[in-house]
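Coordinate-derived values only; no laboratory data. Given the structure is predicted, the values throughout are model-derived calculations rather than measurements. Neighbour counts run over all protein chains shown; Cβ positions are idealised from the backbone, glycine included.
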Amino acid sequence: MDELRAVARYVTESAQAVLPVFEESVPDDRRPRAALDAAREFVDGARRTRLQRVTALDAHRAAKDAPTEAASLAARCAGDAAAAAYLHPVAKATQVGHILRAAASAARIAELRADGDPGAVEDALDDARRRATSVVVDVLSRYPLAPTSRSRVGELMSALDTSLRRRT
């Protein structure tokens, strides 16, 4: 549970940073905020419960309803934060997304908000690297590399994955 809390904390930090992007775009939709609150409860020591699962799914639904890519990614980050409490121990590459997708999405949001400025992406990825504790990197290293993807978030996730694994 301590490792799951460390991973959930990492994902929650990424989601917290970008939640305002969603809330500015869709101020009356509380689903991503509820997911982030549920994630924080788990991180702070509460048992993982159905609350994390339900709010994660609701936040992902909010992502589908969002009017922009950035707002959608921000809602998805919140959903990923709540879902991180249920990271699966089976070593599948898809599980890497539960650890790193929110940080990669935050980098994509930074890129979108900076009109494609590569410096904004690197700053966001550097922040994600700094925040990754040794526990997070250790858990990550138990899984295969992030799956290859043609999406921008997938590319950023692979780059972050590779750089974090070099630390070990």
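Would you calculate the separation in nanometres between label points at ASP65 and ASP44, each defined as 7 Å from the Cα along the Cα-to-beta-carbon direction?
Label at ASP65, label at ASP44, 2.6 nm between them.
Return a whole-number percent for the relative contact order of region 91-168, with Cα pairs under 8 Å and 6 or more residues apart as the contact set.
Numbers: 83 pairs, mean separation 33.7, N = 78.
Relative contact order comes out at 43 percent.
Quick check: convex hull of the Cα atoms in region 120-159, volume per residue, rounded to a whole Å³?
Working: hull volume 2.3 nm³, N = 40.
Looking at region 120-159, the number lands at 58 Å³ per residue.
Helix-derived [θ] at 222 nm for the chain: sum -39500 (n - 2.57) over DSSP H runs of at least 4, divide by residue count, nearest 500?
Working: 8 runs with 122 residues, N = 168.
Calculated from helices alone, the mean residue ellipticity at 222 nm is -24000 deg cm²/dmol.
So how do 50-59, 146-155, 91-100, 72-81 stack up, highest first, on mean other-Cβ count within 10 Å?
On the way: 50-59: 19.8, 146-155: 15.2, 91-100: 18.1, 72-81: 29.3.
With the highest mean Cβ count within 10 Å placed first, the list reads 72-81, 50-59, 91-100, 146-155.
Calculate the length of the line joining the C-alpha centroid of region 114-164 to that of region 26-44, in whole Å.
Value for the Cα centre distance between the two parts: 23 Å.
Set Lys and Arg Cβ to +1 and Asp and Glu Cβ to -1, take the dipole of region 38-168 about its Cα centre, and tell me which of TYR86, THR55, LEU140 lies farthest positive.
Going by the charge dipole, the pick is TYR86.
How large is the dipole of the chain about the Cα centre if only Lys and Arg carry +1 and Asp and Glu carry -1, each at its Cβ, rounded to the nearest 20 debye? Please report the intermediate quantities before stating the final value.
Values: 26 positive and 24 negative charges, 156 e Å.
Charge dipole, the chain, about its Cα centre: 740 debye, nearest 20.
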